[in-house]
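K.L.:
The structure is given below, and queries will be raised subsequently.
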Amino acid sequence: MFLNTLTPKFYVALTGTSSLISGLILIFEWWYFRKYGTSFIEQVSVSHLRPLLGGVDSSSPSNSNTSNGEADSNRQSVSECKVWRNPLNLFRGAEYNRYTWVTGREPLTYYDMNLSAQDHQTFFTCDSDHLRPADAIMQKAWRERNPQARISAAHEALELEDCATAYILLAEEEATTIMEAERLFKQALKAGESCYRRSQQLQHHGTQYEAQHRRDTNVLVYIKRRLAMCSRKLGRTREAVKMMRDLMKEFPLLSMFNIHENLLESLLELQNYADVQAVLAKYDDISLPKSATICYTAALLKARAVSDKFSPEAASRRGLSTAEMNAVEAIHRAVEFNPHVPKYLLEMKSLILPPEHILKRGDSEAIAYAFFHLQHWKRVEGALNLLHCTWEGTFRMIPYPLEKGHLFYPYPICTETADRELLPTVFHEVSVYPKKELPFFILFTAGLCSFTAMLALLTHQFPELMGVFAKAVMFWPIYSKINN
């Protein structure tokens, strides 16, 4: 009786409400997928419902006995997902802040700036800072979140004595031009060298003095590297190259700053390709960690030998020469290491300011590389054309990049999550590799929304006919049971 008393308006309301609810779920699922790269329903199902339904916990002992190969691959994946300091990071006051003043956009994320604060505390502080009043003030300044409070603390420290780290902070954050930053770094160099010489003489007198000397060494290397970068930005490239070479000779063990990547960029600016090859011969070694700068610079040098005369039509007729084959293999190697770079070099995707930290093989590293090296690729005639013709061929060699690589370990699955934290996703679409297919639940809710919306429309247009159809569907199980 209840079913017989239902009017067509009820069916219109029912199907319309179902369409609205499924549409809202679809919108939320799509937003969540664009923001986090995964389905919300799928994530909740795996994380919360599966254990309740008796699913196997991934941390259970039965699944903990993996093979040695898988364990090595996991360790490599973890190491490749480590976030690194960008060797070519810009100056906050003179470059990042100027971008904000002009566009009103924040080029750095909170996560990125927080990592920089941790770096500064690691490199520029030590346990004995409380013994020197200026260093004690700077120790608090590096932990301060408010930029104006940091700058005020640096000025307060300079009132007490010449403090190298205070000059560093002012050069990085208060200086509004590169020339002003260079002037402050020169003052920092004078104070830093004095502290370094003093702590060098006392470093063997105890662990406290050894920590001070380690800190003073980090400060001095940082100042000299930033002074070299100032020279490079002001057009004094040969002077910058000399400063970087001297720094690498003086402190050969401090590879954490990756000064050789600054040197490679400056040598490319001078078009000193022989010296670039010499640096690559030292650092492009199988036992050393790779980077986009290493791999793509090696590809650029090999492409330079053939790119000016390269023609895809001629190559398809006669085949590739040995030199062309070497260039193509170098490009494939570089693209396998970081597949995001070609779209920026070929200007298929717009560039933004590089972050202060990068993830190797990720979109953040690709942006940092292309931002500084695009001009060097353009300078080599035909290099971008050769890249355009050959880079997509890499993916045919690695059909399952997350499972098995060709020259490198499988592509790490964590890059997208880390890049979304490092890059300003408000105005930049993070590049994802390999391209993810839409999750099942998005397709399901899209189909459900479309189907219920169509039913609502048909019920509104043909109420009596759809009412008969709905009753027939509802009573069909009863009729079939009676007939049986």
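The values are calculated or read from the model by the stated rules, or taken from the named source; none is laboratory data. For clarity, every value in this text was computed on a predicted model and none was experimentally measured. FYI the Cβ positions are ideal-geometry reconstructions off the backbone, even for glycines, and counts take in every protein chain you see. We work out accessible area using only protein heavy atoms, side chains counted, and drop any ligands, DNA or RNA first. Shrake-Rupley method; radii C 1.70, N 1.55, O 1.52, S 1.80 Å.
K.L.:
Hey, among the residues in the stretch 74-92 that are modelled with pLDDT of 90 or more and out of contact with any strand residue (DSSP E or B) (no Cβ under 7 Å at 6 or more places or on another chain), which one's surrounded by the fewest Cβ atoms within 10 Å (Cβ to Cβ)?
P.N.:
Filtering the stretch 74-92 for residues that are modelled with pLDDT of 90 or more and out of contact with any strand residue (DSSP E or B) (no Cβ under 7 Å at 6 or more places or on another chain), the one surrounded by the fewest Cβ atoms within 10 Å (Cβ to Cβ) comes out as L88.
K.L.:
I'd like the full set of residues that are part of a helix (DSSP H, G or I), within 22 Å of S194 (Cβ to Cβ) and open to solvent by less than 50 Å² (accessible area, probe 1.4 Å), limited to the stretch 232-267. Quick ask: steps written out before the conclusion?
P.N.:
Quick first cut of the stretch 232-267, residues part of a helix (DSSP H, G or I) only: 232-233, 237-250, 255-257, 259-267.
Going one step further and asking which of them are within 22 Å of S194 (Cβ to Cβ), we end up with 243, 246-247, 249-250, 257.
Matches in the stretch 232-267: L247, F257.
K.L.:
Right, another one. Being open to solvent by 30 Å² or more (accessible area, probe 1.4 Å), touching a helix residue (DSSP H, G or I) at 6+ places or on another chain (Cβ under 9 Å), assigned to a helix (DSSP H, G or I) and not polar (S, T, N, Q) is the filter here, so list the residues in the stretch 116-135 that pass it.
P.N.:
Answer for the stretch 116-135, where residues must be open to solvent by 30 Å² or more (accessible area, probe 1.4 Å), touching a helix residue (DSSP H, G or I) at 6+ places or on another chain (Cβ under 9 Å), assigned to a helix (DSSP H, G or I) and not polar (S, T, N, Q): F123, H130, L131, P133.
K.L.:
Restricting attention to the stretch 320-354, report how many residues are assigned to a loop (DSSP other than H, G, I, E, B), surrounded by fewer than 22 Cβ atoms within 10 Å (Cβ to Cβ) and not aliphatic (A, V, I, L, M). Walk me through how you get there before you give the answer.
P.N.:
The initial filter retains those residues of the stretch 320-354 that are assigned to a loop (DSSP other than H, G, I, E, B), namely 320-321, 338-340, 346-354.
Next, from what is left, pick out any that are surrounded by fewer than 22 Cβ atoms within 10 Å (Cβ to Cβ): 320-321, 346-353.
Filter once more, keeping what is not aliphatic (A, V, I, L, M): 321, 347, 349-350.
The number of residues fulfilling the criteria is 4.
K.L.:
When you check D112 against the structure, is it within 24 Å of R232 (Cβ to Cβ), open to solvent by less than 20 Å² (accessible area, probe 1.4 Å) and of a type in the set (D, E, K, R), yes or no? Reasoning before the result, please.
P.N.:
Values: within 24 Å of R232 (Cβ to Cβ): yes; open to solvent by less than 20 Å² (accessible area, probe 1.4 Å): yes; of a type in the set (D, E, K, R): yes.
Here the answer is yes, as D112 does meet what is asked.
K.L.:
On the given criteria, is E313 over 27 Å from D119 (Cα atoms) and either aliphatic (A, V, I, L, M) or not in a loop (DSSP other than H, G, I, E, B) (or both)? Full working, then the answer.
P.N.:
Details: over 27 Å from D119 (Cα atoms): yes; either aliphatic (A, V, I, L, M) or not in a loop (DSSP other than H, G, I, E, B) (or both): yes.
For E313, the condition - over 27 Å from D119 (Cα atoms) and either aliphatic (A, V, I, L, M) or not in a loop (DSSP other than H, G, I, E, B) (or both) - is met.
K.L.:
Give the stretch 382-419 a look and list any residue that's out of contact with any strand residue (DSSP E or B) (no Cβ under 9 Å at 6 or more places or on another chain) and among the hydroxyl-bearing types (S, T, Y), or say none.
P.N.:
T390, T394, Y400, Y409, Y411, T417
K.L.:
Name every residue in the stretch 364-407 that is farther than 14 Å from L301 by Cα and acidic (D, E), in order of residue number.
P.N.:
E365, E392, E403
K.L.:
If I filter the stretch 424-433 for residues that are of a type in the set (A, V, I, L, M, F, W, C) and loosely packed, with under 13 Cβ neighbours inside 10 Å, do I get at least one hit? If you could, list the steps in order and put the result at the bottom.
P.N.:
Here is the first cut: in the stretch 424-433, the ones of a type in the set (A, V, I, L, M, F, W, C) are 426-427, 430, 432.
From what's left, loosely packed, with under 13 Cβ neighbours inside 10 Å: 426-427.
Yes, the conditions are met somewhere in the stretch 424-433.
K.L.:
Ok, one more. Return the total of residues in the stretch 361-388 being of a type in the set (A, V, I, L, M, F, W, C) and open to solvent by 60 Å² or more (accessible area, probe 1.4 Å).
P.N.:
Our first condition is that a residue be of a type in the set (A, V, I, L, M, F, W, C); within the stretch 361-388, this holds for 366-368, 370-372, 374, 377, 380, 383-384, 386-387.
Imposing the further condition that a residue be open to solvent by 60 Å² or more (accessible area, probe 1.4 Å) reduces the set to 371.
Of the residues in the stretch 361-388, 1 are of a type in the set (A, V, I, L, M, F, W, C) and open to solvent by 60 Å² or more (accessible area, probe 1.4 Å).
K.L.:
Quick check on my filter: what residues within the stretch 373-404 are outside any helix (DSSP H, G or I) and acidic (D, E)?
P.N.:
Kept after step one, since they are outside any helix (DSSP H, G or I), are these residues of the stretch 373-404: 380-382, 398-404.
Correct list: E381, E403.
K.L.:
Give the stretch 174-217 a look and list any residue that's closer than 16 Å to F251 by Cβ, surrounded by fewer than 20 Cβ atoms within 10 Å (Cβ to Cβ) and in contact (Cβ under 8 Å) with a residue 60 or more places away in the chain, or say none.
P.N.:
Passing the criteria: only R214.
K.L.:
What number of residues within the stretch 140-183 satisfy the criterion of being closer than 17 Å to N89 by Cα and part of a loop (DSSP other than H, G, I, E, B)?
P.N.:
Number satisfying all stated conditions: 3.
K.L.:
Scan the stretch 405-427 and tell me whether some residue there is closer than 25 Å to R333 by Cβ, among the hydroxyl-bearing types (S, T, Y), in a helix (DSSP H, G or I) and modelled with pLDDT of 75 or more.
P.N.:
Yes, because at least one residue in the stretch 405-427 is closer than 25 Å to R333 by Cβ, among the hydroxyl-bearing types (S, T, Y), in a helix (DSSP H, G or I) and modelled with pLDDT of 75 or more.
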